[in-house]
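Where a number appears in this text, it was derived from the coordinates with a stated rule and is not lab data. Every value quoted in this text rests on a predicted model; they were computed, and no experiment measured them.
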């Protein structure tokens, strides 16, 4: 017979709710702590992970590391990435049944090579049938702009928007697209554009020592429907009962009591929440923050501020 253990104590580094001993409650989660990196040829970079087991409890582990293209870089068992040849590849970490989201690794040979591509736009929202101009800026490893290099543009869903090779994006249908610019084989991080409605976009930051990063978009469609999108780059720490809230408060207690509970999440990556289905009175200005909340203990894991 399985036993149910109710743990009511809260420690500074943990968020614990109701657990069933010997029964997995949530998916295991492993996250690489470092973001996209540029490394000079022959140099090293140490990568680390945060891991939560099937009971939502953080553990110190030694993951297995993998490089997509081992001709560009290698990785040791301790997470040390060594640059071997110029190009771009990705790094992932695995442990037991958990696998991290990939992190881009760019290897440069000189300070004149492209290390990073930054995408900017005049807006992050476009109406259906309308267009906005995007601009890509390639930088070297010293973060100096490299002039006159050709750019290749792409979107992840051509049914929502199209983009020409001058960076002019045109909305085609309601939704959110990720735009990528590539310069000399080096890709940018995705730039998110909302198509067919008003939108506010924010980036998560971690709180209380927990991991929270990635993009959140609060969108209002032409029919008035309000939707919250968490993009593919979304990552967070997990524990038993990790929920997404809209709130006018950053504290866990006030958010739990007075915020709008959008639902539980159990994995990183893209998520969609129909806000209007939960509260038809919500508009884009009703709530200031999107909160990642450990609901059982009312601990804020991450905050996105739509007014920033």
- Task: Could you state, as a whole-number percent, how many of the C-alpha pairs of region 46-202 are farther apart than 27 Å?
- Result: 41
- Query: Just from its helices, what would the mean residue ellipticity at 222 nm be for the chain, if runs of 4 or more DSSP H residues each count -39500 (n - 2.57) and the sum is divided by every residue, rounded to the nearest 500 deg cm²/dmol?
  - Reply: -1000 deg cm²/dmol
- Could you work out Rg/(2.2 N^0.38 Å) for the chain, with Rg from alpha carbons only? 1.07
- Message: Of the candidates 86, 147, 40, which one comes out as most mobile in a Gaussian network treatment of the chain with C-alpha springs shorter than 10 Å?
- Response: 147
- Note on the structure: Relative contact order of the chain (C-alpha contacts under 8 Å, at least 6 apart) in percent is 14
- Take the alpha carbon gyration tensor of region 248-308, find the square roots of its eigenvalues, order them as a ≥ b ≥ c, and report rounded if a/c is under 1.5; if not, report prolate when a/b exceeds b/c, else oblate. rounded
- Note on the structure: Mean projected area, convex hull of alpha-carbon positions in region 116-195, reported to one decimal in nm², is 4.7
- Semi-axes of the equivalent ellipsoid for region 28-114, Cα gyration tensor, largest first, Å: 27, 11, 10
- Query: Which percent, to the nearest 5, of DSSP beta bridges fully inside the chain are antiparallel?
  - Reply: 90
- Query: Most fluctuating residue of 211, 60, 255 in a GNM of the chain with Cα springs under 10 Å: which is it?
  - Reply: 60
- Using bins 5 angstrom wide from zero, how does P(r) for region 205-308 break down, in % of all Cα pairs? 3, 14, 26, 27, 20, 8, 2, 0
